[in-house]
Amino acid sequence: MTLNLTVSPDFAPDHISGWFIFNTWLQRQLGTGVHLELYDCFDAQRQDIKSGKFDLVYANPFDASMLVRELGFKALVRPISKPDETIIATHKDSPLQCVEDLKPGAQLVATDDPDVNRIGMIMLEPADLDQTNTETTTVDSYVIVAKNVLNKNAEVGFFLKDAYDELSDLIKSQMKILVSSEISVVHHTLLLCPKLQKYAPKIQQRLVKMADDEKGRSVLESMNLLGWEVMTEEETEFMIDLIDTLLDE
Amino acid sequence: MPEHDMKDVRDIVINYHDGTSRKATVLDREVPYPEGKLIVSRTDTQGIITHANQAFVEMSGYTEEELIGTNHYILRHPDMPAVAFAGLWETIEAGNKWHGYVKNLRKDGAYYWVKATVIPNIRNGVVVGYTSVRRKPSRSKISESEALYKTLR
């Protein structure tokens, strides 16, 4: 048997090798083949997940909602102390001091990361802004979001906080943060497909103990994670309910 | 209490739909919504609070211990028309999502405005409770809501 694994495309490019090292570690732990496939586009990955291509998915919170409610996946673990937070930033010389200074017609730049974009739009609501009265340029990475902000091609950019924190000090020194979310309870999760649930306890146990030995810790470090903790079914449902309240339809 | 607040203090009795009531002090003082935060709570099907996040504790002015086990209507501000909450319950009991702008009463009598969304928590096809998530509203939506609620009281 080979487990097919994929990872939400919102991690920093520096950690791509970390996920391949994790793939090798997981194979050894489970004594079975694990095939990792990475994407640089959320939509293409989502289509392949929906077609049943993957057994194990490290998903962003919005995709986790779809995986559990529509496809019957179950969350096994979440990364320790790694909530998904969103930052809205502008050029340091911009006259904008807060979100409410933005006006209809505002130019935004973002990736196609669904949770960052949703939370970002929620943080623009106090300025009476939404998708109908803003213009968003979608780019491939957070580094390109930053470039667009620095070149003043957009008034503000949406960033995953983790990705913003990993930008170079030079780039960050030329930007200022207008607002940073503090939601705390929305995070990525590792989910297993319904047909392989019998392997859930073993995978969960190995991952929870991963930070206990030096080899595991070095793999975690290469992925910029501290470790994993169990995600119960009710905790998963709670997070999905919360995300549901953030979708306006 | 700061001296300037004393001018706009009202001691009132708030009557709830379940026949209970309580005395409350109401101040004409708005506490700004905290930037970037979501206020999150969960209740059982009767509206009794079972979970409150830190932002809820901070904004309501109650301790977590005071909130858990208390009916969510403890946050209800007397300026809110009863019909708004009747609509909320009708919507969520039918299994649907409710959105609205709400003026909440803090323990100290001050108030804060939220954009609230409430959804039923459905487990194995059964509604086991409700999740309420509040976020920062725009000033224009607050003004519209204030004007509307005055006509409904």
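The numbers here are math on the coordinates, done by the rules we state, and not lab data. Source: prediction; values computed, not measured. Cβ atoms come from the backbone with ideal geometry, glycine included; neighbour counts cover every protein chain shown.
What the table below lists for this structure:
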{"quantity": "Within the stretch A:86-180, percent of DSSP bridges classed antiparallel, to nearest 5", "calculated": "60 percent"}
{"quantity": "Distance between modelled label sites at A:Ser168 and A:Ala44, nm, 7 Å Cα→Cβ extension", "calculated": "2.7 nm"}
{"quantity": "Charge dipole (debye, nearest 20) of the protein assembly as shown; +1 at Cβ of Lys and Arg, -1 at Cβ of Asp and Glu", "calculated": "540 debye"}
{"quantity": "Estimated FRET transfer efficiency when R0 is 30 angstrom, pair B:Val128-A:Gln197 (beta carbons, to 0.05)", "calculated": "0.85"}
{"quantity": "Beta bridges by DSSP in the stretch A:17-161, antiparallel share as percent, to the nearest 5", "calculated": "40 percent"}
{"quantity": "Neighbourhood charge, 13 Å Cβ-Cβ cut-off, centred on A:Ile183 and excluding it, Lys, Arg +1 and Asp, Glu -1", "calculated": "+2"}
{"quantity": "Cα Rg over Rh - chain B, Kirkwood", "calculated": "0.95"}
{"quantity": "Among A:Leu96, A:Pro61, A:Val156 the positive-end extreme of the charge dipole of chain A (Cβ point charges)", "calculated": "A:Pro61"}
{"quantity": "Value of D in µm² per second that Stokes-Einstein yields for the stretch A:25-83, Kirkwood Rh from Cα pairs, at 20 °C (1.002 mPa s)", "calculated": "166 µm²/s"}
{"quantity": "Ranking of A:Phe42, A:Phe159, A:Phe238, A:Phe54 by count of other Cβ atoms within 10 Å, fewest first", "calculated": "A:Phe238, A:Phe42, A:Phe54, A:Phe159"}
{"quantity": "All aspartates and glutamates inside 20 Å of A:Lys215 as judged from Cα atoms, apart from same-chain residues fewer than 8 positions distant", "calculated": "A:Asp14, A:Glu229"}
{"quantity": "Stokes-Einstein translational diffusion, the protein assembly as shown - Kirkwood Rh over all Cα pairs, 1.567 mPa s, 4 °C, in µm²/s", "calculated": "56 µm²/s"}
{"quantity": "Rounded to 5, percent antiparallel among DSSP beta bridges of chain A", "calculated": "55 percent"}
{"quantity": "Student exercise, the stretch A:86-180 dipole from Lys, Arg, Asp, Glu Cβ charges, in Debye to nearest 20", "calculated": "300 debye"}
{"quantity": "Net charge over other residues, Cβ less than 15 angstrom from the Cβ of A:Ile144 (K, R count +1; D, E count -1)", "calculated": "-4"}
{"quantity": "Rh (Kirkwood; distinct C-alpha pairs) - the stretch A:2-51, Å", "calculated": "11.6 Å"}
{"quantity": "Under 11 Å, Cβ to Cβ, from B:Asn71 - net charge with Lys/Arg +1 and Asp/Glu -1", "calculated": "0"}
{"quantity": "Reach of B:Lys150 by Cα under 15 Å, taken over aspartates and glutamates that are not fewer than 8 positions away in the same chain", "calculated": "B:Asp79"}
